[in-house]
Amino acid sequence: MPAARVPAVAAGSYAPATPANLGDTMRIGALPAVRAAVVAAAGALLATFAVAPPARADHHDLAPPEILSASVHGGRAIVLGPDRTLTFQATVTARAAAGILRHGVEVHLLSPGGQVWHGARDLPATCEPISVTTSVCTEWFRIDTGSAEVTNSYAGDWKMAATVASNNLHTHPESSITSRTDLATAKVRRSSKLTFVATPNPVRQGQGVSALGRLTVADWETDAYTSAPGQTVGLEFCASPCRSVESLRTLRTGVYGLTGTTHPATRDGSWWLRYGGTGQYAATYSPGVFVDVLEG
């Protein structure tokens with residue numbers, strides 16, 4: 001991934017991790033001492049991208065927190081068109097015998113190129129208890145593809161890293177913090193569009209239907225949609241009434257994102273194009289076209 005620029009929108013939402021700016025770009029909330037301790041642990045995590053779990057104390061209440069599960073945007077892809085803003089959440093479920101500290105969470109998203117995406121400063125990260133020992137912690141993130149600082153290189157898979165702290169942070173800091181990387185994946189994708197026409201319509205049975213479509217994808221740097229050449233799309237059909245989808249042909253898009261073929265029509269039904277997407281572009285379908293087939 002090309003080196004990404006640091007967006008000015010939602011100050012502190014994005015930043016490369018460097019010793020000089022790591023502490024400043026972290027959000028320090030209403031409990032400065034608590035957040036500072038969690039931030040220090042998160043900073044060490046980012047410096048190495050791998051932190052060994054803290055040693056467990058003998059006393060049960062002093063055991064470090066355990067991260068049970070994590071997700072970003074509910075596991076859904078983050079799909080954005082040109083000039084769009086999205087605020088989404090990353091959640092961590094954690095438990096500790098002493099309970100999880102209310103503000104004891106710090107979450108980051110790490111790109112394959114080494115960039116670090118920080119949480120939105122104006123939305124405090126919190127941990128809400130669901131039992132005496134277990135809490136669901138939430139950190140909010142924001143992206144604005146209309147910002148001049150957000151480039152197409154932000155599309156891709158970002159790995160989630162998190163640090164959580166138990167209620168023992170002030171009294172036993174050495175055994176109250178756990179950090180983990182690669183907890184979940186944020187799939188950030190540029191949105192895509194497929195147009196489709198099928199002619200003639202109606203058509204005589206056995207005659208060929210000319211199917212033509214065009215694939216375009218969001219360009220976050222020009223705030224518009226642009227052609228997507230060299231992509232694989234599928235021509236699909238479902239006879240009326242629709243009970244089973246048939247894959248008719250696999251096609252490739254040309255220099256302007258155009259693709260097309262001719263296929264014989266045998267019965268009434270709907271035709272459309274399907275695009276499976278990539279690590280950069282979102283999957284999509286074209287609108288369907290119902291083709292009336294005339295007998296004889």
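The values are calculated or read from the model by the stated rules, or taken from the named source; none is laboratory data. Here the structure is a predicted model, which is why all the values come from computation and not from measurement. With ideal geometry, Cβ positions are generated from the backbone for all residues, glycine too; neighbour counts draw on all protein chains shown. For accessibility, only protein heavy atoms count, side chains too; no ligands or nucleic acids. Shrake-Rupley method; radii C 1.70, N 1.55, O 1.52, S 1.80 Å.
Worth a mention:
- Residues of the stretch 168-190 that turn out to be crowded, with 19+ Cβ neighbours inside 10 Å, part of a loop (DSSP other than H, G, I, E, B) and touching a Leu at 6+ places or on another chain (Cβ under 7 Å), as a count: 3
- Close pairs (7 angstrom Cβ cut-off, 6 or more residues apart or separate chains): closer than 21 Å to Phe88 by Cα and in a loop (DSSP other than H, G, I, E, B) in the stretch 125-142, of a type in the set (Ser, Thr, Tyr) and modelled with pLDDT of 95 or more anywhere: Ala125/Thr138
- Matching residues, the stretch 209-220, being outside any loop (DSSP other than H, G, I, E, B) and open to solvent by less than 10 Å² (accessible area, probe 1.4 Å): Val209, Ala211, Gly213, Leu215, Val217, Ala218
- Qualifying residue in the stretch 78-92 (condition: at pLDDT below 95, under 18 Å from Ala120 (Cβ atoms) and touching a helix residue (DSSP H, G or I) at 6+ places or on another chain (Cβ under 6 Å)): no
- Any hit, the stretch 272-287, residues being open to solvent by 50 Å² or more (accessible area, probe 1.4 Å) and over 15 Å from Ser192 (Cβ atoms): no
- Under the condition of being surrounded by 12 or more Cβ atoms within 10 Å (Cβ to Cβ), on the phi < 0 side of the Ramachandran plot and in a loop (DSSP other than H, G, I, E, B), the residues counted in the stretch 243-266 number 6.
- Among (1) without any contact (Cβ under 8 Å) to a residue 24 or more places away in the chain; (2) assigned to a strand (DSSP E or B) - the single one Val197 does not satisfy: (1)
- Residue within the stretch 221-236 that is touching a residue at least 40 places away in the same chain (Cβ under 8 Å), open to solvent by less than 50 Å² (accessible area, probe 1.4 Å) and part of a loop (DSSP other than H, G, I, E, B) present: yes
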